[in-house]
Amino acid sequence: MSQISYGSWPSPISAADLSIGGVRLAEPRYDGADLYWTQGRPAESGRVALIRQRDGVTGEMAPGLNVRTRVHEYGGGAWDARDGVVVVSSDPSGQLVRLDGEAPVTLTPDGTSWRFADLRVWPELGVVLAVREDHSAPGEPVNRLVVVGLSGSNEDGGTVLAEGADFHACPELSADGRLAWMEWRHPDMPWDSCLIRIGRLRVSAAGLTLDDVRTVAGGPGESAVHPLWRGEELLFCSDRSGFWELHARAPGGALTQLTDGHADLVEPFWVFGRRPFAVTGNGSVVLRPRVDGRSAPTLLTSLGYSQLAPDVVDCDSLDAAGDRVVALVQFADAPDAIVEWSGGERRVVDSASSIALRPSRLSPAEAVSWAGTAGQVHGWYYPPCSEPPLFEPVLVELVETAAPVAEPELPPLIVISHGGPTAFSTAGFSLAVQFWTTRGFAVLDVNYSGSSGYGRAYRDRLRGEWGVLDVADCIAGAQALAAAGRVDGARLAIRGGSAGGYTTLRALTTSDVFAAGCSRYGIGDLTALASDTHKFEARYLDGLVGPWPAASETYAERSPINHLDALSCPMLILQGAEDAVVPPNQAEAMAAAVAAKGLEVELIVFDGEGHGFRKAETIRRALEAELAFYARTFGITLPS
């Protein structure tokens with residue numbers, strides 16, 4: 001047998017495979033018999049293509065168009081189709097474009113400061129409903145619900161239906177003309193407190209107006225989200241019970257809780273366009289309860305839950321038409337896919353990648369938990385996986401006493417702190433994780449305190465404790481695996497992006513547990529972020545850290561850049577030059593401060609990239625740089 005150290009194993013997965021070997025699938029939805037979805041294409045500089053499948057033929061709508069919106073910076077909901085009429089948001093202009101004719105037709109003028117998202121096309125009214133974000137005036141952009149005509153130039157950017165709140169989302173119109181939507185205000189995020197409001201849409205010679213507006217769900221300490229009409233009944237999810245369960249509001253106003261599975265049915269509202277449940281042709285609801293960190297398409301019947309696909313470990317973006325159901329799903333052993341169920345049959349509509357691993361090379365997620373400061377913590381552990389009999393770990397000598405004792409080598413561990421921080425990691429197949437495990441690294445993906453998917457109490461653990469509990473949970477998870485003899489406690493690394501990058505930097509500057517760290521567009525200075533970020537997250541830190549500026553001392557205390565005296569290991573920092581969420585000056589200041597201390601630091605800034613890397617070349621370069629960084633730090637010889 002070959003004797004090759006952990007981290008040095010030849011892998012079937014290259015950095016190029018991750019950069020150009022697949023697409024990012026999103027938002028599958030029906031329009032009658034047609035099925036649409038989007039593909040984010042790293043090989044085309046991250047361009048998002050709108051795909052339609054009609055009569056068995058699959059093709060792109062308006063090839064070359066980038067179907068994307070930058071509302072809230074995170075976007076989503078950049079297209080809609082109804083009765084054959086298709087409207088999209090085109091990036092970078094932000095214009096609304098109608099695609100169903102012989103040639104694309106622009107519906108809004110170019111050169112404006114308007115952005116549109118969460119589109120809902122209504123051909124019988126001659127309009128598209130949308131969230132409009134207006135950047136024309138100084139200060140924060142203004143978000144409103146508007147209607148934009150399906151013909152004409154719409155020089156005014158559409159007619160305003162609802163305004164006054166800081167944020168609006170999910171405009172859903174019933175067959176009898178009632179409009180429902182979500183809205184929330186600073187300093188709350190939509191998962192903290194969110195309202196469902198309804199109003200009557202009136203049609204007159206002067207156009208469309210909205211009256212009889214009222215709040216029907218949500219309020220302080222309650223997040224009511226994702227309204228959807230089922231006939232005259234309004235469905236929505238609320239966490240008033242401690243979990244995001246499904247509720248129904250009858251026409252007379254009576255509320256009924258339809259599920260009681262102590263499971264979150266939705267995820268935090270970071271992006272537009274995701275639909276966590278749908279109504280079938282016979283009125284049944286298909287949804288995705290998250291239990292023990294996993295979710296799958298599930299039919300809600302009078303007898304309870306009935307799973308459509310027990311082999312699915314996570315799913316998103318559900319839709320239904322008649323007896324057809326479609327979802328974006330994750331499997332434990334195969335890439336993400338858009339899957340349709342119809343008439344008892346299941347078919348894969350599209351797959352995110354054609355790259356697959358043999359079972360002998362695959363490291364599936366193992367659910368693990370450990371004791372944390374605030375209670376039990378959850379995560380996914382991926383042991384290194386080789387293909388016997390090709391590899392066996394070398395033996396190293398540990399001198400504990402006068403006599404040398406041969407001990408098996410243990411693998412280095414990479415701890416992943418997810419972004420958000422109000423988000424979660426799934427158990428789905430990830431080529432990015434397998435990139436490491438096939439090389440002999442172990443990976444721990446931590447759903448630290450504050451992560452979603454485990455109920456409101458778990459989510460609320462992080463209120464006022466960001467930079468404390470998340471860091472402690474990541475450290476405790478790594479130490480637990482080392483104590484159990486599953487990883488090498490001297491070769492622990494931590495990595496994360498955005499909020500996960502902050503957790504990474506904070507862990508490196510408050511403890512000596514980790515020997516290396518990689519931050520992707522992470523936050524080094526909370527004080528700078530509080531005064532220099534985008535509207536959607538402008539008050540996010542009020543709940544995570546404390547009200548700004550009253551809690552300025554806490555912000556300074558929890559800023560990694562102020563604790564470099566405790567930093568004792570090398571660091572890699574990866575940053576997008578056009579990041580509007582975490583500006584590049586954060587990365588530049590952090591790198592300069594680390595270098596001034598005389599420690600090894602590498603900063604790579606990628607031109608043309610924002611918050612998250614989309615281009616194939618960037619994805620490849622970033623991953624290769626990270627692998628080389630760990631190899632240098634841990635003394636690993638990479639295969640030639």
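The values are calculated or read from the model by the stated rules, or taken from the named source; none is laboratory data. Being a predicted model, the structure only gives us computed values, none of them experimental. Ideal geometry is used to build each Cβ from the backbone, glycine not excepted, and the neighbour counts take in all protein chains shown. Keep in mind that these areas ignore ligands, DNA and RNA; they rest on the heavy atoms of the full protein, side chains included. Shrake-Rupley method; radii C 1.70, N 1.55, O 1.52, S 1.80 Å.
Of the residues making up segment 120-161, just one is assigned to a strand (DSSP E or B), touching a residue at least 24 places away in the same chain (Cβ under 8 Å), touching a Ser or Thr at 6+ places or on another chain (Cβ under 7 Å) and closer than 17 Å to S93 by Cβ, namely V148.
Listed here are the residues, each with its yes/no results for (1) in contact with a strand residue (DSSP E or B) (Cβ under 7 Å, 6 or more places away or on another chain); (2) part of a loop (DSSP other than H, G, I, E, B); (3) open to solvent by 30 Å² or more (accessible area, probe 1.4 Å).
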residue	(1), (2), (3)
E60	yes, no, yes
L65	yes, yes, yes
V71	yes, yes, no
A81	yes, no, no
V88	yes, no, no
P92	no, yes, yes
D100	yes, yes, yes
A103	no, yes, yes
G111	no, yes, yes
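Checked against the criterion of being farther than 28 Å from S351 by Cβ, modelled with pLDDT of 95 or more, crowded, with 24+ Cβ neighbours inside 10 Å and of a type in the set (S, T, Y), segment 434-449 contains one or more residues that satisfy it.
Given L395, L390, which one is at pLDDT below 95 and closer than 22 Å to A484 by Cα? None of the other options fit; the residue is L395.
Here is a yes/no grid of residues against (1) of a type in the set (V, I, T); (2) under 30 Å from R230 (Cα atoms); (3) open to solvent by 50 Å² or more (accessible area, probe 1.4 Å); (4) within 24 Å of the chain's Cα centre (by Cα):
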residue	(1), (2), (3), (4)
N154	no, no, no, no
G158	no, yes, no, no
D166	no, yes, no, yes
R185	no, yes, yes, yes
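Mind checking whether some residue in segment 333-347 is of a type outside the set (D, E), in contact with a Leu (Cβ under 6 Å, 6 or more places away or on another chain) and part of a strand (DSSP E or B)? The answer is yes, given that some residue of segment 333-347 is of a type outside the set (D, E), in contact with a Leu (Cβ under 6 Å, 6 or more places away or on another chain) and part of a strand (DSSP E or B). Pairing residues of segment 227-247 that are closer than 18 Å to R275 by Cβ with residues that are open to solvent by 10 Å² or more (accessible area, probe 1.4 Å) and among the polar types (S, T, N, Q), at Cβ distances under 7 Å and at least 6 apart in sequence or on separate chains, gives E245/Q257; H247/T256; H247/Q257. Checking each residue in segment 38-57 for being outside any loop (DSSP other than H, G, I, E, B) and over 13 Å from V88 (Cβ atoms) picks out Q39, G40, R41, P42, A43, E44, Q53, R54, V57.
Of all residues in segment 296-332, which are assigned to a loop (DSSP other than H, G, I, E, B), touching a residue at least 40 places away in the same chain (Cβ under 8 Å) and within 24 Å of the chain's Cα centre (by Cα)?
P297, A332
Annotation: of all residues in segment 1-45 being of a type in the set (A, V, I, L, M) and under 29 Å from T69 (Cβ atoms), the one that is least open to solvent (accessible area, probe 1.4 Å) is L35.
A217 - would you say it is more than 25 Å from the chain's Cα centre (by Cα) and free of Cβ contacts under 8 Å to residues at least 12 places away in the same chain?
no
Is there a residue in segment 347-366 that is open to solvent by 50 Å² or more (accessible area, probe 1.4 Å) and β-branched (V, I, T)? Yes: one or more hits. Mind listing just one residue for me: the one in segment 332-346 that is surrounded by 18 or more Cβ atoms within 10 Å (Cβ to Cβ) and among the charged types (D, E, K, R) and, of those, farthest from R29 (Cα to Cα)? Among those residues, the one meeting the criterion is D336.
When segment 551-590 is filtered for residues that are closer than 13 Å to R506 by Cβ, at pLDDT below 95 and part of a helix (DSSP H, G or I), the ones remaining, listed by number, are P560, I561, N562, L564, A566, M590.
To keep it simple, each residue is scored yes or no on (1) in contact with a His (Cβ under 6 Å, 6 or more places away or on another chain); (2) open to solvent by less than 20 Å² (accessible area, probe 1.4 Å); (3) aliphatic (A, V, I, L, M).
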| site | (1), (2), (3) |
| --- | --- |
| P297 | no, yes, no |
| T301 | no, no, no |
| P310 | no, no, no |
| V313 | no, yes, yes |
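Is it fair to say A589 is free of Cβ contacts under 8 Å to residues at least 60 places away in the same chain and either open to solvent by 20 Å² or more (accessible area, probe 1.4 Å) or under 25 Å from D192 (Cβ atoms) (or both)? Here the answer is no, as A589 does not meet what is asked. Collect the residues in segment 116-152 that are open to solvent by less than 10 Å² (accessible area, probe 1.4 Å), within 25 Å of the chain's Cα centre (by Cα) and not acidic (D, E), keeping them in residue-number order. Across segment 116-152, the qualifying residues are F116, A117, L119, L129, A130, V131, N143, L145.
Scanning segment 240-256 turns up one or more residues that are closer than 30 Å to V545 by Cβ, at pLDDT 95 or above and open to solvent by less than 10 Å² (accessible area, probe 1.4 Å). Taken over segment 497-550, the criterion of being over 26 Å from E409 (Cα atoms), open to solvent by less than 30 Å² (accessible area, probe 1.4 Å) and part of a strand (DSSP E or B) is satisfied by G497, S519. Only one of the listed residues (P220, P276) is of a type outside the set (A, V, I, L, M) and open to solvent by less than 30 Å² (accessible area, probe 1.4 Å). That residue is P276.
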